[in-house]
1. Pop a pseudo-label 7 angstrom from the Cα along the beta-carbon direction at both His327 and Glu188 and give the gap in nm to one decimal.
2. Between Asp200 and Glu134, 0.36 nm times their residue separation minus their Cα-Cα distance comes to what?
3. What length, rounded to one decimal in nm, is gained on full extension from Glu261 through to Arg94, with 0.36 nm per residue of separation minus their alpha-carbon distance?
4. Would you list which lysines come within 23 Å of Lys227, measuring only between C-alpha atoms, while excluding same-chain residues fewer than 8 positions from it?
5. Only counting other Cβ atoms within 10 Å, I'd like Phe246, Phe125, Phe353 sorted with the fewest neighbours first.
6. Can you list residues from other chains, or at least 5 along the same chain, whose modelled amide H is less than 5 Å from the amide H of Val116?
7. Given 20 °C and 1.002 mPa s, compute D for the chain with the Stokes-Einstein relation, Rh being the Kirkwood radius over Cα pairs; round to the nearest whole µm²/s.
8. Among rounded, prolate and oblate, which fits the stretch 297-357 when a ≥ b ≥ c are the square roots of the eigenvalues of its C-alpha gyration tensor, a/c under 1.5 means rounded, and a/b larger than b/c means prolate?
Amino acid sequence: MSQDASEEVRSEGDLRNTGMSLKHDREWDYELDRIVEAIEERGAEKVGLQFPEGLKRRGPAVADDLRELTDGVTFLLSGQPCYGACDLDTYLMRRTDVFVHFGHSPMKESDKIIYVPLFSNVDPFPIMEESMAELPDPEAEEYADEEPAVGLVTTAQHMNLFGDMVDWLEERGFDVRTRRGDDRLTHEGQVLGCNYASADIDAEHVLYVGGGKFHPLGLAMEHPDKKVTIADPVNNVVTVADTEQFMKQRYASVHKAMDAETWGVVFCTKIGQGRWDVAEEIVENNENAYLITMDEVTPDRLRNFGFDAFVNTGCPRITTDDGPQFHKPMLTPGEYEIAVGNKPLEDLEFDTFHGTW
Ligand code: SF4
């Protein structure tokens with residue numbers, strides 16, 4: 001690569017706009033400049049690339065482009081399923097000099113890992129404008145002396161615009177309240193499917209900017225005292241989180257599991273999804289509970305175990321999103337306590353995950 005081209009890559013980051021001849025089109029900024037810089041700095045010979053499921057098909061093209069920009073470096077693609085920064089391919093990581101994890105914010109910093117968050121290029125402001133109808137009206141008489149408080153949260157994909165979102169709401173007369181959650185979260189205002197600590201704010205209204213149903217649902221379950229408005233810039237819709245359907249589904253699973261005589265307790269071996277203490281406590285206190293270790297937790301993998309019910313101590317989404325696909329009831333650790341009679345049904349709550357590893 002010529003010096004000019006190299007400078008261009010480094011200053012632009014996104015190769016779409018550099019005029020360089022690339023083998024494939026880009027929709028995301030893969031931050032190739034930052035990766036190349038790290039490779040050169042560390043004199044790396046082997047580099048691992050890990051993509052989330054939705055972007056795996058881009059992997060070979062990104063590897064091609066990195067090959068063009070480097071010399072004598074071998075790029076290895078991770079084929080492990082990947083759903084979060086909790087889900088690093090540790091096997092590949094150990095065997096490479098630099099490991100690039102695309103699509104998520106860092107859960108835990110390490111010298112070897114480069115996290116490339118792949119920010120969304122969707123404009124969130126039109127849908128935020130529409131979401132105003134669900135937020136308190138700053139012009140209303142009751143807010144004559146005090147601006148209405150609104151909490152703001154988003155996902156890693158929109159984090160690059162978080163500051164602009166805060167400004168945008170403040171310009172419209174809101175007292176915007178934000179906080180950084182716990183150490184599982186990198187940024188102020190960021191939520192994960194398993195962690196909503198950044199919404200622990202003193203405001204009755206929370207505006208969630210992002211896609212998907214799982215995050216706002218978890219948010220509303222974790223903070224039942226708040227109205228959670230969802231401004232989804234990807235699907236271009238505004239909704240208010242409603243937990244009723246979800247609660248019914250969870251109650252039904254707990255009820256089904258109440259008759260279970262044998263339990264499979266799943267311990268997930270993915271680096272950021274292990275809750276060993278939780279799993280161990282269950283099997284220590286129930287002689288009919290058996291600990292099962294596995295990385296990817298799928299209905300197929302559990303089908304051959306003849307248990308009456310399962311408890312999942314890994315990613316909470318496995319239980320709450322995929323739960324109905326398992327052949328036997330799949331409960332969260334909290335739901336298990338209810339099913340075996342250690343806690344009352346009213347204690348049912350959303351399963352969250354704190355800390356890293
Ligand atoms: S454990 Fe949390 S961060 Fe990891 S995939 Fe599940 S919801 Fe996402």
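1. Computed distance between label sites His327 and Glu188 equals 5.1 nm.
2. On the way: separation 66, 0.36 × 66 = 23.76 nm, distance 2.00 nm.
Full extension of this stretch gives 21.8 nm more.
3. Numbers: separation 167, 0.36 × 167 = 60.12 nm, distance 4.10 nm.
Result for the pair: 56.0 nm of gain on full extension.
4. Here the lysines satisfying the reach criterion relative to Lys227 are Lys213, Lys248.
5. Values: Phe246 18, Phe125 14, Phe353 21.
The order, fewest Cβ neighbours first, is Phe125, Phe246, Phe353.
6. His101, Phe102, Gly103, His104
7. Details: Rh = 22.3 Å.
The diffusion coefficient I find is 96 µm²/s.
8. Details: a/c = 2.01, a/b = 1.22, b/c = 1.65.
Taking the square roots of the gyration eigenvalues as a ≥ b ≥ c, the stretch 297-357 is oblate.
The numbers here are math on the coordinates, done by the rules we state, and not lab data. Because the structure is predicted, anything quoted here is derived from the model rather than measured. Using ideal geometry, Cβ is built from the backbone for each residue, glycine included, and neighbour counts are taken over all protein chains shown.
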